[in-house]
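One structure below.
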Amino acid sequence: MTTLLITHAYILTMDDHQREIPDGGLFVRDGFLEQVGPTGELPSTADEVLDLTGHLVLPGLVNTHHHFYQTLTRAIPAAQDANLFNWLTTLYPIWARMNPDDIFTSAQTALVELALSGCTTASDHLYLFPNGSKLDDEIAAAQEIGLRLQASRGSMSLGQSQGGLPPDSVVDSEDSILKDSQRLIQKYHDPNPGAFVQIVLAPCSPFSVTSDLMKQSAKLARVYGVHLHTHLAETEDEEQFCLQRFGHRPVGYMQEVDWVGNDVWFAHAVWVNQEEIAVFAKHNCGVAHCPTSNMRLASGIAPVKEYRAAGVNVGLGVDGSASNDGSHLLAEVRNAMLVSRVKEGLTGYSLSNDPDRKLMTAREALHLGTRGGAAILGRTDIGSLEPGKCADFFAIDLNRIGFTGMHDLVAAVVFGQPVNADYTVVGGKFVVKERQLCTVDEGRLIEKHNKAARRLLEA
Ligand SMILES: [Zn+2]
């Protein structure tokens, strides 16, 4: 039995009552929150006591879409200023050179960046397995770093010779994909509260996967009760691809292959119409909104306000580090708020006198990054600071130059320049403490990662 006591912080609970507790604290036992409340009402001692006077404590952020391996190919000149399809065709051959150690190292890098930005649960979508790489490589990386991982077993089965986008050298046979998916579920998937590893089945996208693999993956996932994830409606050229190849727009195609339900969440979902939003709402599909990536690749702006008005759960994702080119989830919260306001501006906000037309607030953006993310991953044990939930949280010291003069402590961390966390705690264990990583040597990781990144481009 181990206990941890946090005292004298400003606590943003993100509970159903949106409770905020000045001079609040947390009492943690064996990885779970036992009490959340004013410091004066909590036990006075624990195995470890941390006074967080002057800090804001928030529920750990939940990342709902990423490709860890892409930290190896950030800001490659030929892919810096391209749209999605050209960006992908530039990078596929480079990614094809990765080995298992590259997958492990890049996953550690991405997870470290995420942890430093306040993330405690990360979903990752690995859909390339070159040179003997396996999803196991990134699971091992996450276990060492100490973050919770929704490991998505991605796949590509539709190569160029079959009319797909990726070269044939990076696609696999459907039989081997399904067998490996089943192996991973049996080996790693933990359905219990407090799980550190869960498996997700995640064929990559309409333009890199056959319809048959989509259907078979959905069947297999539902046998085991694991979630399904894919890219959808990211760009207009994907929409054209779907119309030409499948005779459906992307969302219609998902209905066709039985990919709707509360066990499905889609990355991006930018190019959708009102009827398609209603389809998501009716079937409880989730959306991973990736604002930075959508801006970086000039993909568009997802209709987040419309999704939320329709009752669709929306979480945030940093997306792959080659389309961002960072993994700072708190920065994503900020960009979600800002880009939603850009969309308002483009649709007549300044001319509107409608008092019900509201801009996305800092707290709403934080809701997307916490409760929203937990909901689309199907996890009820994370996303808020409430008794019984996982002890996953991060703390930011507000005594920083960038937060001077801020009159709202919660809004400060979203309206202000994104900063790194001072403390990140997952399941009651420190991953970041006093702005330093506790689980790996950051300097050594940087060196190893840069060496691997250089080798990929030299090959
Ligand atoms: Zn992606």
Residue list for region 9-24, filter: buried (at least 19 other Cβ atoms within 10 Å of the Cβ) and of a type outside the set (A, V, I, L, M, F, W, C): Y10, T13, G24
Considering only region 264-301, how many residues are among the small types (G, A, S) and free of Cβ contacts under 8 Å to residues at least 40 places away in the same chain? 4
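Hey, among the residues in region 141-192 that are among the charged types (D, E, K, R) and part of a loop (DSSP other than H, G, I, E, B), which one's farthest from S106 (Cα to Cα)?
First, the residues of region 141-192 that are among the charged types (D, E, K, R): 144, 148, 153, 168, 172, 174-175, 179-180, 183, 187, 190.
Now restrict to residues that are part of a loop (DSSP other than H, G, I, E, B): 172, 190.
Details: D172: 22, D190: 24 Å.
So, considering only residues that are among the charged types (D, E, K, R) and part of a loop (DSSP other than H, G, I, E, B), the one farthest from S106 (Cα to Cα) is D190.
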Filter result (more than 21 Å from A141 (Cβ to Cβ), in contact with a Ser or Thr (Cβ under 8 Å, 6 or more places away or on another chain) and in a loop (DSSP other than H, G, I, E, B)) within region 75-110: I76, A82, N83
Which one is nearest to T120 (Cα to Cα) among residues in region 56-93 that are away from the ligand (no atom under 16 Å from the Cβ) and surrounded by fewer than 23 Cβ atoms within 10 Å (Cβ to Cβ)? L56
Does at least one position in region 101-108 carry a residue that is hydroxyl-bearing (S, T, Y) and either within 15 Å of the chain's Cα centre (by Cα) or closer than 28 Å to L220 by Cα (or both)? no
So L4 ticks every box in (1) under 22 Å from the mean Cα position of the chain (by Cα); (2) assigned to a strand (DSSP E or B); (3) among the hydrophobic types (A, V, I, L, M, F, W, C) but one. Which box is left unticked? (1)
Given the residues L213, L228, L232, which is the only one that is modelled with pLDDT of 95 or more, in contact with a Ser or Thr (Cβ under 9 Å, 6 or more places away or on another chain) and more than 16 Å from the ligand (Cβ to nearest atom)? L213
Does L42 count as modelled with pLDDT of 95 or more, over 25 Å from A151 (Cβ atoms) and in contact with a helix residue (DSSP H, G or I) (Cβ under 8 Å, 6 or more places away or on another chain)? no
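Residue-wise test of (1) more than 16 Å from the ligand (Cβ to nearest atom); (2) closer than 20 Å to L165 by Cβ; (3) of a type in the set (K, R).
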position: E238; (1), (2), (3): no, yes, no
position: Q244; (1), (2), (3): yes, yes, no
position: R249; (1), (2), (3): yes, yes, yes
position: Y253; (1), (2), (3): yes, yes, no
position: H268; (1), (2), (3): no, yes, no
position: E275; (1), (2), (3): yes, no, no
Considering only region 193-213, state which residues are touching a helix residue (DSSP H, G or I) at 6+ places or on another chain (Cβ under 8 Å) and farther than 12 Å from Q150 by Cα. P203, S205, P206, F207, T210, S211, D212, L213
Check on W259, under 21 Å from N83 (Cα atoms), more than 14 Å from the chain's Cα centre (by Cα) and aromatic (F, W, Y): no
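Matching residues to (1) over 30 Å from M98 (Cα atoms); (2) modelled with pLDDT under 95; (3) not charged (D, E, K, R):
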residue	(1), (2), (3)
Y10	yes, no, yes
D16	yes, no, no
A46	yes, no, yes
H67	no, no, yes
T71	no, no, yes
Inside region 193-207, can you point out the residues that are assigned to a strand (DSSP E or B) and within 20 Å of L88 (Cβ to Cβ)? A202, P203
Selected residue [of a type outside the set (A, V, I, L, M, F, W, C), away from the ligand (no atom under 16 Å from the Cβ) and either surrounded by fewer than 21 Cβ atoms within 10 Å (Cβ to Cβ) or at pLDDT 95 or above (or both)] from N294, N284: N284
I'd like the full set of residues that are buried (at least 24 other Cβ atoms within 10 Å of the Cβ) and of a type in the set (V, I, T), limited to region 185-216. I199, V200, V209
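The values are calculated or read from the model by the stated rules, or taken from the named source; none is laboratory data. Computed from a predicted structure; not experimentally measured. Note that we place each Cβ from the backbone using ideal geometry, even for glycine, and neighbour counts take in every protein chain shown.
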